[in-house]
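Asker: My structure is below; once you've seen it, I'll send some questions.
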Amino acid sequence: MISTLLSSAKILLVDDNPTNLKVLSSAIQDQENWTILVATDGESAIEQARYAVPDLILLDVMMPGIDGFETCQRLKNSEETRAVPIIFMTALTDPSHKLHGLELGAVDYITKPFHQEEVVARIRLHLKLSSLTQRLATHNADLLKQIAERERAESQLKQLTHELEDRVEQRTFELSESLAT
C-alpha cells in the first residue's frame, strides 16, 4: 500500500509564479508515476483539491487573492481535504511565518530557492507518513470494532450466566421442595 501511494500519488502544486510551477512539475514528473495537478491561486487550489483530492499539496504562501495561509486553513477546515498533507513553499524565512504555517496544519515548510532533490525527498517522506497514518487509523477503527463486538459478547455472556444461575437456583429450590415432602 505504501509503495503504491509513493509510486502513483496525486500532487497539487500551487504557486502564482509560472516559472516555479514549471521547475517543480518537471522535477516531480521525473519521479515515479506521480500525477501533477496545478493551481495558480488559493481559490482554484481549494476547488481543485475538493474535486480531485490530492495525496499531497505543495503550497506557496505569497499569492494574489487569498494567500497560502488562508488557503491552508480552508483546506484543513474542509472534511474532504483535512487529511491531505500540505508543504508550504516560500521565500519567507522568518521563524514566525514557519510557526504560523505549521500551526495551521502544514506538515513541512520549504524555503525558496529550493533544491529539487530536497523537495522530492520531502514529498516522498510525507507521502509515506500519510500512508502510514491512514493505515494506522484504519487499524485503530478495526480494533475499536473488535472491542465493541467483544463487549457486546461479554454483556450477552453475563446476561446468559445470570439467567442460568436463576434457573439453577429455581431448579434447586424445586428439588429441595420435592425432597422435603
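The values are calculated or read from the model by the stated rules, or taken from the named source; none is laboratory data. Every value quoted in this text rests on a predicted model; they were computed, and no experiment measured them. Cβ placement follows ideal geometry from the backbone for every residue including glycine, while neighbour counts extend to all protein chains displayed. Accessible surface is based on the protein model in full, side chains and every heavy atom, while ligands, DNA and RNA are left aside. Shrake-Rupley method; radii C 1.70, N 1.55, O 1.52, S 1.80 Å.
Asker: Given the options Thr133, Thr93, name the one that is open to solvent by 80 Å² or more (accessible area, probe 1.4 Å), over 17 Å from Ile11 (Cα atoms), among the β-branched types (Val, Ile, Thr) and not in a helix (DSSP H, G or I).
Answerer: Details: Thr133 fails: not in a helix (DSSP H, G or I).
Within the list Thr133, Thr93, the selection yields Thr93.
Asker: Then there's this: Which of the numbered conditions does Leu59 fail, given that it passes all the others? Conditions: (1) under 21 Å from Asp16 (Cα atoms); (2) open to solvent by 70 Å² or more (accessible area, probe 1.4 Å).
Answerer: Checking Leu59 against (1) under 21 Å from Asp16 (Cα atoms); (2) open to solvent by 70 Å² or more (accessible area, probe 1.4 Å), the one that fails is (2).
Asker: Out of Arg167, Arg124, I need the residue that is closer than 30 Å to Ile87 by Cα and open to solvent by 80 Å² or more (accessible area, probe 1.4 Å). Which one? Explain how you work it out, then say what you get.
Answerer: Values: Arg167 fails: closer than 30 Å to Ile87 by Cα.
Sole residue among the options that is closer than 30 Å to Ile87 by Cα and open to solvent by 80 Å² or more (accessible area, probe 1.4 Å): Arg124.
Asker: Are any residues in the range 109-121 at pLDDT below 90, open to solvent by less than 70 Å² (accessible area, probe 1.4 Å) and more than 16 Å from Ile57 (Cβ to Cβ), and if so, which ones?
Answerer: Thr111, Lys112, Glu118
Asker: Across the range 18-40, what is the total count of residues that are more than 17 Å from Glu118 (Cα to Cα), outside any helix (DSSP H, G or I) and either open to solvent by 60 Å² or more (accessible area, probe 1.4 Å) or of a type in the set (Val, Ile, Thr) (or both)? Write out each step before concluding.
Answerer: At the first step, the residues of the range 18-40 found to be more than 17 Å from Glu118 (Cα to Cα) are 18-19, 33, 35-40.
With the extra rule that they be outside any helix (DSSP H, G or I), the set shrinks to 33, 35-40.
Subset that is either open to solvent by 60 Å² or more (accessible area, probe 1.4 Å) or of a type in the set (Val, Ile, Thr) (or both): 33, 35-36, 38, 40.
The qualifying residues number 5.
Asker: When you go through Ala45, Ala52, Ala141, Ala106 one by one, which is the residue that is farther than 15 Å from Leu24 by Cα, open to solvent by less than 60 Å² (accessible area, probe 1.4 Å) and without any contact (Cβ under 8 Å) to a residue 12 or more places away in the chain?
Answerer: Numbers: Ala45 fails: without any contact (Cβ under 8 Å) to a residue 12 or more places away in the chain; Ala52 fails: without any contact (Cβ under 8 Å) to a residue 12 or more places away in the chain; Ala106 fails: without any contact (Cβ under 8 Å) to a residue 12 or more places away in the chain.
The conditions single out Ala141.
Asker: Please verify whether the range 148-156 includes one or more residues that are over 27 Å from Asp108 (Cα atoms), under 33 Å from the mean Cα position of the chain (by Cα) and open to solvent by less than 100 Å² (accessible area, probe 1.4 Å).
Answerer: The answer is yes; a qualifying residue exists.
Asker: Within the bounds of the range 62-75, is there any residue that is in a loop (DSSP other than H, G, I, E, B), farther than 20 Å from Leu129 by Cβ and small (Gly, Ala, Ser)?
Answerer: Going residue by residue through the range 62-75, those that are in a loop (DSSP other than H, G, I, E, B) are 62-67.
With farther than 20 Å from Leu129 by Cβ added as a condition, the list becomes 62-67.
Narrowing further to those that are small (Gly, Ala, Ser): 65.
Yes, there is a match, as at least one residue in the range 62-75 is in a loop (DSSP other than H, G, I, E, B), farther than 20 Å from Leu129 by Cβ and small (Gly, Ala, Ser).
Asker: If you check every pair at least six apart or on different chains, which have Cβ atoms under 7 Å apart with a residue in the range 86-98 that is farther than 17 Å from Lys76 by Cβ and among the hydroxyl-bearing types (Ser, Thr, Tyr) first and a residue that is open to solvent by less than 60 Å² (accessible area, probe 1.4 Å) and not in a helix (DSSP H, G or I) second?
Answerer: Every condition considered, the pairs that remain are Thr90/Asp60; Thr90/Val61; Thr90/Thr111; Thr90/Lys112; Thr93/Thr111.
Asker: Search the range 86-108 for residues being of a type in the set (D, E, K, R) and modelled with pLDDT under 90, and hand back the single one that is farthest from the chain's Cα centre (by Cα). Walk me through how you get there before you give the answer.
Answerer: First, the residues of the range 86-108 that are of a type in the set (D, E, K, R): 94, 98, 103, 108.
Keeping just the survivors that are modelled with pLDDT under 90 gives 94, 98.
Values: Asp94: 28, Lys98: 21 Å.
The qualifying residue farthest from the chain's Cα centre (by Cα) is Asp94.
Asker: Identify, by number, the condition in (1) within 30 Å of Gly68 (Cα to Cα); (2) out of contact with any strand residue (DSSP E or B) (no Cβ under 8 Å at 6 or more places or on another chain); (3) at pLDDT below 90 that Glu174 doesn't meet.
Answerer: All conditions are met except number (1).
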